[in-house]
Amino acid sequence: MTGAQETVVYEIVESPLGELLLVGRASGTAKGGTALASLSLPGQKGRAVVQDGWRRDPAAFEEIGRQLSSYFSGRLTRFEIEYAEGGTDFQRRVWRALEDVPYGRTTTYKEIAARVGTSAVGVRAVGTAIGRNPLLVVRPCHRVIGADGALRGYAGGLESKARLLGLEGALTP
């Protein structure tokens, strides 16, 4: 995520899920000038932690913050955020498949495995790749549920997953 001359920037923003840690790097092509490398929720497994040398820069995340605010208020259904490259080839294929799951809908791990061309045996690998998604909320891994309709495996916690799906109208009481 960080090159020899590249400064990593971060910001902490409030959300209905608690404080979100946003981590990014400068990009000449990103709206607002920052490519998002990580979005972490409070208590998240594998959560990013601010490192020495990172620079807090609220201005770098104004556009991303605006989109998050619009999403949480129900006005935005698809993010237009440039992501910093990361992950393995397989993980990136899985993450791209997540981005195709529409707002307000859910899919299963098996369906994602089929989309990326892995067999039913590959479902576990897909689950692992989804679990390593560094961009919770904006790359919608919360939309992936068990084949039986149960909420399963969300790095940000099942309560956060349920809140996000409820916000999108994808969770029926």
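The values are calculated or read from the model by the stated rules, or taken from the named source; none is laboratory data. Just so it is clear, the structure is predicted and the values come from calculations on it, not from any experiment. Cβ: placed from backbone, ideal geometry, glycine included. Neighbour counts: every protein chain shown. Only protein heavy atoms, including side chains, enter the accessible area calculation; ligands, DNA and RNA are left aside. Shrake-Rupley method; radii C 1.70, N 1.55, O 1.52, S 1.80 Å.
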Task: the chain, accessible surface, carbon-and-sulfur percent (1.4 angstrom probe) - done: 49
Task: Dimensions (Å) - segment 19-173, Cα atoms, principal axes, largest first - done: 43, 35, 28
TODO: Compare the peptides 88-95, 145-152 by average per-residue count of other Cβ atoms within 10 angstrom and give them in order, highest first.
DONE: 88-95, 145-152
Task: Three-way shape label, segment 1-69, alpha-carbon gyration tensor, a/c 1.5 - done: oblate
- [ ] State, in angstrom, two size descriptors of segment 99-158 derived from its alpha carbons: Rg to one decimal place and Dmax to the nearest whole number.
- [x] 10.6, 28
TODO: Return, for the Cα atoms of segment 45-119, the radius of gyration and Dmax in Å, separated by a comma.
DONE: 15.7, 44
Task: Accessible surface, segment 1-147, averaged per residue in Å² (probe 1.4 Å) - done: 51
